[in-house]
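Enquirer: Before we start, here is the structure in question, set down as structure tokens.
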Amino acid sequence: MNFKHELAAILYEILGQEMEAKELELLIEKPKNQNHGDLAFPCFTLAKLKRKAPQIIAQELSEKIQSPYFEKVEVVGAYLNVFLNKKLAAENVLAEINSKQGAYGSLNIGNNRNITIDMSSPNIAKPFSMGHLRSTVIGNSIALIAEKCGYQPIRINHIGDWGTQFGKLITAYKLWGDAEKVRQNPIKELLTLYIKFHDEAETNPELIDQGRSWFKRLEDADQEALELWQWFRDESLKEFSRIYELMNVHFDSFAGEAFYNEKMDRIVQLLEEKNLLVESNQAQVVELLEQDLPPCLIKKSDGATLYATRDLAAALYRKENYDFDLSLYVVGNEQSLHFKQLIAVLSKMGYEWAEKMVHIPFGMMLKDGKKMSTRKGKVVLLEEVLDESINMARNNIEEKNPNLVNKDEVAKQVGVGAVMFHDLKNFRMNDIEFSLEEMLRFEGETGPYVQYTYARACSILRKAGYQSGTLPKALDSDWEKEWKVITLLMEFPNTIKRSFEQYDPSQVAKYIIDLGQAFNKYYGEVKILEENLEREARLALVSSVTTVLKEGLRLLGIEAPAEM
RNA sequence: GUCCCGAUAGCUCAGCAGGAUAGAGCAACAGUUUCCUAAACUGUAGGUCGGAGGUUCGAAUCCUCUUCGGGACGCCA
């Protein structure tokens, strides 16, 4: 039931041709202050149109509005404040949630079409750092929200397993590496070599050339280079999969940059055929003057390919293999120019689907106000943070609920949930200063707060022996104390829609915090289990809250333990 | 130099398709457990919404300029 729509229709009826119903609906707003009712209609715009004082218009309208949906209409200044029929609204939303359960809030914007999501995409042979958390967690949540909106999400881990960095790594390994050490502790050892390479290169620039030449050998399928590369790659993926498992993130494709190695000739050829490739300082570029962008580098002067070349091949491959309706790239803000160029080149090539590609940027994870750099060894390992968080959750359980049966499982859900929620709760463009203390906070606006609220609500339902899906015919309540919670429950579908349209999981995160706060307040002032006439109504409300909190957490990729 | 982001309470952030007294959390202080999990709840205190103009009946929200911070700008990815 859409009350806003209803009000707009009634106003349209009263006003006649004055304004379109759609325009009227856009003017209707939700008052911040609950004393001002549930819907408000400011009459300033009409006042101008009718050349009449807004207060008078509000007064006239208020006298004409009659609807079973609205129990009261007040005039405050130029505002028409409308109060919903609480009983009707409450019973309506509770019935809907009860019948749809987890499917409440699902939409069909996507019409089952494919949406590819380029996410996570770490560079192998480097540790999985906090920096990679963002793309992984934001991408995963957008995939889940897209699915909720009727799309088929295809999660693609475009792993960085190709490029000059591997030439550098091979160079370092050949110079200083020890096979036994690498076998024992692969990522750590490879990272040490990588850092050493950059330290040495500062005084010995010749190393950089060696790195480039090893990469060239890799591209030319040199046996030794390929074997080392394969080895580094396998070891890295083994470590990454452990972390993905911990966060419950899974991929439909691991086609990384190397995958496109033999697909790049075609791109270069296509560019040549379309006369887009020009030589510039021995390199091959596509000029993007009319788009007001710097040229896009396709081939280096030594003939080796670049990031953009591989991304062009990948875009084409994805269109041909997944026939995406939308293609999202959840990649840091610092790569904005790269994606603008990528899309511009594809447009120049005549692919109109280029405009269906969307870069979804996000701010950086900073350390001491600066970018974390693998090269300088300034990294924080995600796995260490997750382990510490799980440990802390475990200690909390020991202290607060020592009789819990599946402590380890719950500690994992809460610990990992805390870290993921922390990354998702704020608008993605904001930079985040890394703070372990902040990340491992379990109180206030945090993942564990929402999980805890959910667990308490579940506990009530258990004690009451409540069976979900058994909504009584008559719910006896005036819904006064429940009203804030009810209005939030009604907002859930709209929140999902906005969250998808803006590719912004933080809207869902904020929503479940709001719902949690409203419910905890209610929990504090009302004895839900008390035996009286309204008990059934209260339990129906609690049941709906659990359904929506759990679904909200799920859309963020976070689990909801029934006890903690 | 050009371009892209950001700036709101001591700290972290909401609010930004313009609207009624600018909201949370953390930290501080004062309370709440004979009662459904206190990872919770209640209350107090805390703000010239970076600055200056402009548009408007009305601006934290839109436009212009400006200051500060971060980032990107051809052979890394």
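Enquirer: Taking the convex hull of the alpha carbon atoms in region A:438-564, what volume per residue do you get, in Å³?
Expert: So the per-residue Cα hull volume is 111 Å³.
Enquirer: Expressed as a whole number of Å, what is the distance separating the alpha-carbon centroids of region A:513-545 and region A:417-471?
Expert: 18 Å
Enquirer: Now, a different point. Which FRET efficiency value, to the nearest 0.05, is calculated for A:GLU383 and A:ASN406 with the Förster distance at 22 angstrom and r the Cβ-Cβ distance?
Expert: So, using R0 = 22 Å, E works out to roughly 0.50.
Enquirer: Loop-only check: which trypsin sites (Lys or Arg not before Pro) in region A:4-38 are DSSP coil with at most 13 other Cβ within 10 angstrom?
Expert: Answer in residue order: A:LYS32.
Enquirer: Continuing with this model, one more query. Check the straight Cα-Cα distances from A:LYS196 and name the lysines below 19 Å, setting aside those fewer than 8 residues away within the same chain.
Expert: Within reach: A:LYS126, A:LYS168, A:LYS174, A:LYS181, A:LYS188, A:LYS376, A:LYS378.
Enquirer: Could I ask something else about it? Hand me the GluC sites (Glu not before Pro) from region A:496-564 located in a DSSP loop with no more than 16 other Cβ atoms within 10 Å, in residue order please.
Expert: Sparse-neighbourhood loop GluC sites (Glu not before Pro): A:GLU530, A:GLU531, A:GLU563.
Enquirer: Let me ask something else about it. With a ≥ b ≥ c the root eigenvalues of the C-alpha gyration tensor of region A:154-221, is it rounded (a/c under 1.5), prolate (a/b larger than b/c) or oblate?
Expert: Because a/c hits 1.5 or more and a/b fails to exceed b/c, region A:154-221 counts as oblate.
Enquirer: Tell me the mean residue ellipticity at 222 nm calculated for chain A from its helices only (DSSP H runs of n ≥ 4, each -39500 (n - 2.57), averaged over every residue, nearest 500). Provide the component values of the computation, followed by the final result.
Expert: On the way: 21 runs with 306 residues, N = 564.
One gets -17500 deg cm²/dmol as the mean residue ellipticity at 222 nm.
Enquirer: Right, here's the next one. Under 5 Å between amide H atoms, partner at least 5 residues away or on a different chain: which partners does A:GLU433 have, H built in plane at 1.01 Å?
Expert: HN-HN under 5 Å from A:GLU433: A:LEU366.
Enquirer: Related question: Can you grab the distance from the C-alpha centre of region A:289-349 to the C-alpha centre of region A:217-286, Å, no decimals?
Expert: Cα centroid to Cα centroid, the span is 14 Å.
Enquirer: If you put +1 on each Lys and Arg Cβ and -1 on each Asp and Glu Cβ, how big is the dipole of chain A around its Cα centre, in Debye rounded to 20?
Expert: Working: 69 positive and 84 negative charges, 166 e Å.
The calculated dipole for chain A is roughly 800 debye.
Enquirer: Using only Cα atoms, find the angle between the long axis of helix A:186-203 and the longest principal axis of chain A, and express it within 0 to 90 degrees, rounded to the nearest 10.
Expert: On a 0 to 90 degree scale, this one is about 60.
Enquirer: In region A:462-499, which residues have a backbone nitrogen under 18 Å from the label point lying 7 Å from A:ASN108's Cα in the Cα-to-Cβ direction?
Expert: The answer is A:493-494, A:497.
Enquirer: Putting +1 on Lys and Arg Cβ atoms and -1 on Asp and Glu Cβ atoms, find which of A:TYR449, A:ILE145, A:VAL249 reaches farthest to the positive end of the dipole of chain A.
Expert: Farthest towards the positive pole: A:TYR449.
Enquirer: Is the C-alpha gyration tensor of region A:1-135 telling us rounded, prolate or oblate? Criteria: a/c under 1.5 is rounded; beyond that, a/b larger than b/c is prolate, otherwise oblate.
Expert: Numbers: a/c = 2.69, a/b = 2.07, b/c = 1.30.
Here region A:1-135 falls in the prolate category.
Enquirer: Give me the percent of DSSP beta bridges within chain A that run antiparallel, rounded to the nearest 5.
Expert: 55 percent
Enquirer: Compute the angle between helix A:264-273 and the longest alpha-carbon principal axis of chain A, please, reported from 0 to 90 degrees and rounded to the nearest 10.
Expert: 90 degrees
Enquirer: Just flag the GluC sites (Glu not before Pro) in region A:220-252 sitting in loop per DSSP whose Cβ has no more than 12 other Cβ atoms within 10 Å.
Expert: Within region A:220-252, no GluC sites (Glu not before Pro) qualify (loop, at most 12 other Cβ atoms within 10 Å).
Enquirer: Let me ask another. For chain A, what class follows from the C-alpha gyration tensor (a ≥ b ≥ c being the square roots of its eigenvalues): rounded when a/c is under 1.5, otherwise prolate if a/b is larger than b/c, else oblate?
Expert: oblate
Enquirer: In region A:1-159, carbon and sulfur make up what percent of the accessible area (probe 1.4 Å)? Write out the running numbers ahead of the final one.
Expert: On the way: 3360 of 7050 Å².
For region A:1-159, the apolar C and S fraction of the accessible surface comes to 48 percent.
Enquirer: Here's a follow-up. With a Förster radius of 51 Å, plug the Cβ-Cβ distance of A:ASN33 and A:ASP323 into 1/(1 + (r/R0)^6) and report the FRET value to the nearest 0.05.
Expert: That gives a FRET efficiency of 0.55.
Enquirer: Using label points projected 7 Å from each Cα along Cα→Cβ, tell me how many nm separate A:ASP265 and A:ALA464, to one decimal.
Expert: Taking the simple label geometry, A:ASP265 and A:ALA464 are separated by 6.9 nm.
Enquirer: With every protein chain left in place, what is the accessible area per residue of chain A in square angstrom, probe 1.4 Å?
Expert: Ligands and nucleic acids excluded, the figure is 46 Å² per residue.
Enquirer: Oh, and also: Working from Cα positions, state the angle (0 to 90°, nearest 10) between the long axis of helix A:54-64 and the longest principal axis of chain A.
Expert: Helix A:54-64 and the main axis of chain A meet at about 60 degrees.
Enquirer: Set Lys and Arg Cβ to +1 and Asp and Glu Cβ to -1, take the dipole of chain A about its Cα centre, and tell me which of A:ILE159, A:MET365, A:LEU293 lies farthest positive.
Expert: Selected residue: A:MET365.
Enquirer: Let me ask something else about it. Would you list which aspartates and glutamates come within 14 Å of A:LYS22, measuring only between C-alpha atoms, while excluding same-chain residues fewer than 8 positions from it?
Expert: Here the aspartates and glutamates satisfying the reach criterion relative to A:LYS22 are A:GLU6, A:GLU13.
Enquirer: Straight-line reach from A:LYS148: which lysines have a Cα under 16 Å away, not including same-chain ones fewer than 8 places off?
Expert: A:LYS100, A:LYS497, A:LYS550
Enquirer: Right, here's the next one. Report the local net charge at A:TYR466: Lys and Arg +1, Asp and Glu -1, summed over other residues whose C-beta lies under 11 Å from its C-beta.
Expert: That works out to +3.
Enquirer: If you place +1 on the Cβ of every Lys and Arg, -1 on the Cβ of every Asp and Glu, and leave all else neutral, what size is the dipole of region A:405-535 about its Cα centre, to the nearest 20 Debye?
Expert: 400 debye
The values are calculated or read from the model by the stated rules, or taken from the named source; none is laboratory data. Quick caveat: nothing in here was measured; it's all calculated off a predicted structure. Positions of Cβ are backbone-derived with ideal geometry, glycine not excepted, and every protein chain shown enters the neighbour counts. Remember, those area values only see protein heavy atoms, side chains included, never the ligands or the DNA or RNA. Shrake-Rupley method; radii C 1.70, N 1.55, O 1.52, S 1.80 Å.
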